[in-house]
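Have a look at the structure below, then the notes.
The values are calculated or read from the model by the stated rules, or taken from the named source; none is laboratory data. Treat the numbers as computed from the prediction; the structure is a model and nothing was measured. Quick reminder, even Gly has a Cβ in these numbers, built from the backbone with ideal geometry, and neighbours come from all protein chains shown. Surface areas here come from the heavy atoms of the whole protein model, side chains and all, with no ligands, DNA or RNA. Shrake-Rupley method; radii C 1.70, N 1.55, O 1.52, S 1.80 Å.
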Amino acid sequence: MENCEHLRYLEPSRGSRPSRDLTFKFYDSGRLVIVDNDSGNTMNPRELSGGSYDFYVRQRLAFIKRDLKSKIEKYA
């Protein structure tokens, strides 16, 4: 069974853009699933903008750093 890290992001509404309630699922294999909690639909990272895109990038980088650190510890 593949491990998965679930993170939720609530993007505030800005101007004409409504708020978003998103769940990001980062899997150990590197796979990512983004779910729009309001509609239940999955999203592509290219559909993100503003705060949700910034959140995705920061979490993806943190995930990569943790993965590299664990592999270095395992094989060093």
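Taken across the stretch 15-34, residues that are outside any strand (DSSP E or B), of a type outside the set (A, V, I, L, M), open to solvent by 80 Å² or more (accessible area, probe 1.4 Å) and at pLDDT 90 or above do occur, with at least one present. Among the residues of the stretch 48-70, those that are assigned to a helix (DSSP H, G or I), within 28 Å of Gly15 (Cβ to Cβ), open to solvent by less than 100 Å² (accessible area, probe 1.4 Å) and not aliphatic (A, V, I, L, M) comprise Gly50, Gly51, Ser52, Asp54, Phe55, Tyr56, Gln59, Arg60.
Every residue in the stretch 35-46 that is free of Cβ contacts under 8 Å to residues at least 24 places away in the same chain, closer than 16 Å to Ser19 by Cα and open to solvent by less than 100 Å² (accessible area, probe 1.4 Å), please. Of everything in the stretch 35-46, those that are free of Cβ contacts under 8 Å to residues at least 24 places away in the same chain, closer than 16 Å to Ser19 by Cα and open to solvent by less than 100 Å² (accessible area, probe 1.4 Å) turn out to be Val35, Asp36, Ser39, Gly40, Asn41, Met43.
Of everything in the stretch 5-27, what is over 11 Å from the mean Cα position of the chain (by Cα) and hydrophobic (A, V, I, L, M, F, W, C)? Give them in sequence order.
Taking the stretch 5-27 as the starting set, the residues that turn out to be over 11 Å from the mean Cα position of the chain (by Cα) are 10-21.
Within the stretch 5-27, just Leu10 meets the criteria.
Residue check: Glu73 meets all listed conditions (1) outside any helix (DSSP H, G or I); (2) modelled with pLDDT of 90 or more but one, namely (1).
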